[in-house]
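The values are calculated or read from the model by the stated rules, or taken from the named source; none is laboratory data. The structure displayed is predicted, hence computed values, not measured ones. Methodologically, a virtual Cβ is constructed for each residue, glycine included, from the backbone with ideal geometry; neighbour enumeration extends over all protein chains shown. When the accessible area is computed, the model is the full protein with side chains, heavy atoms only, and any ligands, DNA or RNA have been set aside. Shrake-Rupley method; radii C 1.70, N 1.55, O 1.52, S 1.80 Å.
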Amino acid sequence: MYTPEGDSIALSTGIIVHVHTMSDAIKFMIRNNYEATPGIKHGDVFCNNNSMIGDVHTADVHTIIPIIVGDELVGWAAGVTHEIDVGGIEPGSMCYGHADRYGDGLLVSSERVGENDEFYAHYLQRCREGVRAEMYWVLDEKTRLAGCQMVREQVMRTVEEVGLDTFKAFMREAIEEGRRSFLARSRQMLVPGVYEAPSFTDLPWSEDANVHRLARKDMMMHAPLQMTVGGDGRLDLSFEGANKWDFHSFNCAPSPMQGAMWVQLTQTLWNSDKINDGAYFATSLKLPYGSWCNPDYEKVSTTLTWFFLIPGFSGMIRAIGRSYFARGYVEDISASYCTSWNLMQGGGINHYGVPSAFTNFEVSCGGTGALYVKDGETSCAAMWNPEGDMGEVETWEALEPLIYLGRGMKPSTGGPGKQRGGTGSEALRLLFKTDSQTIFNGGEGHVFSSYGIFGGYPGNSGYRHNMHDTDLKARFDKREPYPVLDGDPEASQISALCTAAREDFDMKAIQGPQEYDLYLSMNRGGPGLGDPLEREPEAVARDVNEGHVLERFARSLYSVELLKGTGELFTADLPATEALRAEMRKSRLARSKPAAEFFAEEKQRVESRAVIRPVADMYRSSMKLSPEWAAKYRGFWALPDDWTY
């Protein structure tokens, strides 16, 4: 529910990223004088999925209706759902590989799509013709409209009960209460100051023939997040120094960046039942114009805004955690979250013999970050959805032309630490009853996009492992063993129990569309917290026994010596572990060096520009786009004023 001006008053449960995205869409309509044309009256229905106006990405479709009492507009009701397919250049809700908006799919830019509480027939027809999974789009249109009408009717009953003037005063008081409560909470929990927590992610497309020629290069994303906490509790975020937008689908508009900040605040500082735009008036978000998070070209592709947005905000959780630590609120500290990958989606002729598309939302169930007082949870949440639900295997098989050969925990995906990050998962899928299917691999592969805290390690990055033209049918016919998971990639079930004409097994986790016979989908683990050498040895043994950690990493990461006990269970050899850890600490000291010496060596690398091309391109772009950040970078390394990459 929103005020006449478009400020959020109240929100239902769900994905909290949309507190402010629909606010931006309403404010766009007001700025562009929709009151005059096309007009705003009772029963009108508006729709938007343009993130440059107000949204996260193309797949999130808004339905917005005015709430009118007499002749007065007293508010708006709005709802949003994520669509399975948006009619993009490739099937799925978040296709990528194209160069600009023209491949994104069906775009509705705050358009009036109905009157008298009904959709225009021609609008629904356009939707049916514009997307592959038309049943879902049209059904979701109707459910969103019904939800908005329920909100409107509740407002009408409230106005009738308390009077219009009382209701109007309440609307604004609710937002003001949200502003004041946020400031009070911030003053209570955070220490004033400046916190810095940059993050990066990779896009290795130089050799990917499936993507557009303009996108065919290796790229890096730079998110130099800075959080400033004022003495009055005001919280200001800045991405000054973000590199320029590019010809990929991961560009982000200001509206989704606002939404991402809401997602983080509602899971940390502002976890109350009174979520509204009050915090919008107690915070700010600096997004340099022309960067990936505020493009100066409105025709950029934004189908998968989340790919840069998710790692971009991971530093906010670490910054808040450091501030909590300074205040002593250790129970509230998290090592941040995992990145929400693998993103499994695609489409083609499905197992019912008709063209369709799918997006598998197992992606909502990664391992959570470690807490200061306990390990992270296994495969249960995402940065954008703390109530993740994998869904039943049988349900996905009804929707997707892929059989599950197996689904299980992915060992050694949670970041090592005194407290371990939550474990991720994997699912092995077999293309079934179709030979025409496009499936994406989506996620970082060469970098760690979300890091640990206080000495904790990051969770895993990704890889792809897919098999084309396999011998599996013959194996099934002969009742021979076949893979159900990949497991330990250095002793892969897939490689051992399947032969294929071509095997894709590499670090190029984010790839353009291809056809697959056997497809591995792996969801990430959360980052760790604290030094792994401080983890209880018995906890490491338990992790190995329960499948969270591969046996070989007990020694190399945790310096824990294991003993084989009864059955196949391990116990920790405490005297041997103590000796091993003492040796590891000596080894650390031997490898260490004074900070001044380390800085001098790194400065030499910078001065000689001894970095790979994607990193040099990224920093050069940041320096060119932001003189402020360029001066900061040069000042840190004591470089000449005209130095650049």
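Between S238, S206, which is hydroxyl-bearing (S, T, Y), closer than 26 Å to G462 by Cβ and surrounded by fewer than 23 Cβ atoms within 10 Å (Cβ to Cβ)?
Details: S238 fails: closer than 26 Å to G462 by Cβ.
Within the list S238, S206, the selection yields S206.
Scanning for something under 18 Å from H18 (Cβ atoms) and surrounded by 24 or more Cβ atoms within 10 Å (Cβ to Cβ), does segment 278-287 turn up at least one residue?
yes
Which members of segment 607-617 meet the condition of being part of a helix (DSSP H, G or I) and either open to solvent by 100 Å² or more (accessible area, probe 1.4 Å) or under 14 Å from D642 (Cα atoms) (or both)? I'd like the intermediate steps shown before the answer.
Step one: of segment 607-617, the residues part of a helix (DSSP H, G or I) are 607, 613-617.
Across segment 607-617, the qualifying residues are E607, R613.
So, in segment 129-140, exactly how many residues are more than 19 Å from E90 (Cβ to Cβ) and open to solvent by 50 Å² or more (accessible area, probe 1.4 Å)?
2
From the list E597, E578, which residue is under 30 Å from Y633 (Cβ atoms), over 37 Å from the mean Cα position of the chain (by Cα) and assigned to a helix (DSSP H, G or I)?
Numbers: E578 fails: under 30 Å from Y633 (Cβ atoms).
Residue meeting the stated conditions: E597.
Test each condition in (1) over 28 Å from the mean Cα position of the chain (by Cα); (2) surrounded by fewer than 21 Cβ atoms within 10 Å (Cβ to Cβ) for A541 and report the one that comes out false.
Single failed check for A541: (2).
When segment 370-396 is examined, which residues are found to be of a type outside the set (F, W, Y), farther than 16 Å from K410 by Cα and open to solvent by less than 30 Å² (accessible area, probe 1.4 Å)?
Result: A370, A382, M383, N385, G388, G391.
A509 - would you say it is within 23 Å of P401 (Cβ to Cβ), of a type in the set (A, V, I, L, M) and at pLDDT below 95? Break it down into steps so the answer makes sense when it comes.
Working: within 23 Å of P401 (Cβ to Cβ): yes; of a type in the set (A, V, I, L, M): yes; at pLDDT below 95: yes.
Yes, satisfied.
Which ones in segment 597-629 are among the small types (G, A, S), free of Cβ contacts under 8 Å to residues at least 40 places away in the same chain and within 22 Å of F239 (Cα to Cα)? Step through it out loud before you land on a result.
Step one: list which residues in segment 597-629 are among the small types (G, A, S), which gives 600, 608, 610, 616, 621-622, 626.
Pick out the ones that are also free of Cβ contacts under 8 Å to residues at least 40 places away in the same chain and you get 600, 608, 610, 616.
A616 - this is the single residue of segment 597-629 that is among the small types (G, A, S), free of Cβ contacts under 8 Å to residues at least 40 places away in the same chain and within 22 Å of F239 (Cα to Cα).
Looking only at segment 55-74, count every residue that is closer than 24 Å to E134 by Cα and either hydrophobic (A, V, I, L, M, F, W, C) or over 18 Å from the mean Cα position of the chain (by Cα) (or both) and tell me the total. Steps first, please.
Narrowing segment 55-74 to residues closer than 24 Å to E134 by Cα: 55-65.
Filter once more, keeping what is either hydrophobic (A, V, I, L, M, F, W, C) or over 18 Å from the mean Cα position of the chain (by Cα) (or both): 56, 59, 61-65.
Summing the residues that are closer than 24 Å to E134 by Cα and either hydrophobic (A, V, I, L, M, F, W, C) or over 18 Å from the mean Cα position of the chain (by Cα) (or both) in segment 55-74 gives 7.
So if I check each of R620, R585, which one is surrounded by 15 or more Cβ atoms within 10 Å (Cβ to Cβ), in a helix (DSSP H, G or I) and not acidic (D, E)? It would help to see each step written out before you state the result.
Details: R585 fails: surrounded by 15 or more Cβ atoms within 10 Å (Cβ to Cβ).
Every option except R620 fails the conditions.
Regarding M409, is this residue out of contact with any Gly (no Cβ under 7 Å at 6 or more places or on another chain) and under 30 Å from V540 (Cβ atoms)? Show your work before the answer.
Numbers: out of contact with any Gly (no Cβ under 7 Å at 6 or more places or on another chain): no; under 30 Å from V540 (Cβ atoms): yes.
Taking the combined requirement at face value, the residue does not satisfy it.
Which of the residues belonging to segment 106-120 are basic (K, R) and either farther than 20 Å from I67 by Cα or in a loop (DSSP other than H, G, I, E, B) (or both)? Talk me through it step by step, then tell me what you get.
Our first condition is that a residue be basic (K, R); within segment 106-120, this holds for 112.
Result: no residue meets the conditions.
So is I317 modelled with pLDDT of 95 or more and either in contact with a His (Cβ under 6 Å, 6 or more places away or on another chain) or open to solvent by 10 Å² or more (accessible area, probe 1.4 Å) (or both) or not? Even if it seems obvious, please write down each step before you answer.
On the way: modelled with pLDDT of 95 or more: yes; either in contact with a His (Cβ under 6 Å, 6 or more places away or on another chain) or open to solvent by 10 Å² or more (accessible area, probe 1.4 Å) (or both): yes.
Answer is yes for this residue.
Confirm whether A590 is open to solvent by 50 Å² or more (accessible area, probe 1.4 Å), more than 30 Å from E362 (Cβ to Cβ), out of contact with any Gly (no Cβ under 9 Å at 6 or more places or on another chain) and hydrophobic (A, V, I, L, M, F, W, C). Before you say what the answer is, go through the steps one by one.
On the way: open to solvent by 50 Å² or more (accessible area, probe 1.4 Å): yes; more than 30 Å from E362 (Cβ to Cβ): yes; out of contact with any Gly (no Cβ under 9 Å at 6 or more places or on another chain): yes; hydrophobic (A, V, I, L, M, F, W, C): yes.
Answer is yes for this residue.
Only residues in segment 346-366 that are farther than 20 Å from N210 by Cβ and of a type in the set (F, W, Y) count as the first member; pair them with residues that are open to solvent by 40 Å² or more (accessible area, probe 1.4 Å) and modelled with pLDDT of 95 or more, Cβ under 9 angstrom, at least 6 apart or cross-chain, and list the lot.
Matching pairs, first to second residue: none at all.
Determine which member of the set A197, A215, A253 is in contact with a Phe, Trp or Tyr (Cβ under 8 Å, 6 or more places away or on another chain) and open to solvent by less than 30 Å² (accessible area, probe 1.4 Å). Steps first, answer last, please.
Numbers: A197 fails: in contact with a Phe, Trp or Tyr (Cβ under 8 Å, 6 or more places away or on another chain); A253 fails: in contact with a Phe, Trp or Tyr (Cβ under 8 Å, 6 or more places away or on another chain).
Residue meeting the stated conditions: A215.
Sort out which residues of segment 98-115 are among the polar types (S, T, N, Q) and in contact with a His (Cβ under 9 Å, 6 or more places away or on another chain), and write them in order of number.
Start the filter on segment 98-115 by keeping residues that are among the polar types (S, T, N, Q), which leaves 109-110.
Matches in segment 98-115: S110 only.
Give the residue, chosen from G406, G388, G417, G421, that is within 26 Å of I15 (Cα to Cα), in contact with a Leu (Cβ under 9 Å, 6 or more places away or on another chain) and not charged (D, E, K, R).
Result: G421 is the single residue among G406, G388, G417, G421 that is within 26 Å of I15 (Cα to Cα), in contact with a Leu (Cβ under 9 Å, 6 or more places away or on another chain) and not charged (D, E, K, R).
Can you tell me which residue in segment 354-380 is nearest to the chain's Cα centre (by Cα), limited to those that are part of a loop (DSSP other than H, G, I, E, B) and more than 30 Å from L431 (Cβ to Cβ)? Show your work before the answer.
At the first step, the residues of segment 354-380 found to be part of a loop (DSSP other than H, G, I, E, B) are 354, 365, 367, 369-370, 372-380.
Then drop every residue that is not more than 30 Å from L431 (Cβ to Cβ), which leaves 369-370, 372-377.
On the way: G369: 14, A370: 18, Y372: 23, V373: 25, K374: 23, D375: 21, G376: 18, E377: 17 Å.
Once the filter is applied, the top-ranked residue is G369.
Can you tell me which residue within segment 482-511, out of those that are of a type outside the set (F, W, Y) and more than 29 Å from F448 (Cβ to Cβ), is surrounded by the fewest Cβ atoms within 10 Å (Cβ to Cβ)?
The initial filter retains those residues of segment 482-511 that are of a type outside the set (F, W, Y), namely 483-504, 506-511.
After this cut, where a residue has to be more than 29 Å from F448 (Cβ to Cβ) as well, the list is 497-501.
Working: L497: 15, C498: 22, T499: 13, A500: 17, A501: 10.
Once the filter is applied, the top-ranked residue is A501.
Which is at pLDDT below 95, among the polar types (S, T, N, Q) and either farther than 30 Å from Y619 by Cβ or open to solvent by 80 Å² or more (accessible area, probe 1.4 Å) (or both), of T566, T571? Lay out the reasoning, then the answer.
On the way: T571 fails: at pLDDT below 95.
Only one candidate passes the filter, namely T566.
Going residue by residue through segment 139-154, is there one that turns out to be in a loop (DSSP other than H, G, I, E, B) and of a type in the set (A, V, I, L, M)? Spell out how you get there, then give the answer.
Going through segment 139-154, the residues in a loop (DSSP other than H, G, I, E, B) turn out to be none.
Scanning segment 139-154 turns up no residue that is in a loop (DSSP other than H, G, I, E, B) and of a type in the set (A, V, I, L, M).
Starting from residues that are part of a loop (DSSP other than H, G, I, E, B), small (G, A, S) and more than 19 Å from the chain's Cα centre (by Cα), keep the ones in segment 267-306 and report whichever is modelled with the highest pLDDT. Let's see the steps before the verdict.
Restricting attention to segment 267-306, the residues satisfying the condition of being part of a loop (DSSP other than H, G, I, E, B) are 267-278, 287-290, 292-293, 295-305.
Applying the additional criterion that residues be small (G, A, S) yields 272, 278, 290, 301.
Now restrict to residues that are more than 19 Å from the chain's Cα centre (by Cα): 272, 278, 290.
Details: S272: 75, G278: 90, G290: 98.
Among them, the one singled out is G290.
Filter segment 534-555 for residues that are in contact (Cβ under 8 Å) with a residue 60 or more places away in the chain and either in a helix (DSSP H, G or I) or out of contact with any Asp or Glu (no Cβ under 6 Å at 6 or more places or on another chain) (or both) and give the result. Let's see the steps before the verdict.
At the first step, the residues of segment 534-555 found to be in contact (Cβ under 8 Å) with a residue 60 or more places away in the chain are 534-535, 539, 543, 547-550, 553.
Within segment 534-555, E534, R535, A539, D543, G547, H548, F553 qualify.
Here are some conditions: (1) in a loop (DSSP other than H, G, I, E, B); (2) within 23 Å of D543 (Cα to Cα). H351 meets all but one. Which one does it not meet?
It fails just one condition, (2).
Output the number of residues of segment 453-481 satisfying the condition of being surrounded by fewer than 21 Cβ atoms within 10 Å (Cβ to Cβ), in contact with a strand residue (DSSP E or B) (Cβ under 7 Å, 6 or more places away or on another chain) and in contact (Cβ under 8 Å) with a residue 60 or more places away in the chain.
1
Please work out if Y329 is without any contact (Cβ under 8 Å) to a residue 60 or more places away in the chain, within 29 Å of V229 (Cα to Cα) and not charged (D, E, K, R). Break it down stepwise before answering.
On the way: without any contact (Cβ under 8 Å) to a residue 60 or more places away in the chain: no; within 29 Å of V229 (Cα to Cα): yes; not charged (D, E, K, R): yes.
When the stated conditions are applied, Y329 does not pass them.
Using the structure shown, decide if N271 is open to solvent by 10 Å² or more (accessible area, probe 1.4 Å), without any contact (Cβ under 8 Å) to a residue 12 or more places away in the chain and polar (S, T, N, Q). It would help to see each step written out before you state the result.
On the way: open to solvent by 10 Å² or more (accessible area, probe 1.4 Å): yes; without any contact (Cβ under 8 Å) to a residue 12 or more places away in the chain: yes; polar (S, T, N, Q): yes.
Taking the combined requirement at face value, the residue satisfies it.
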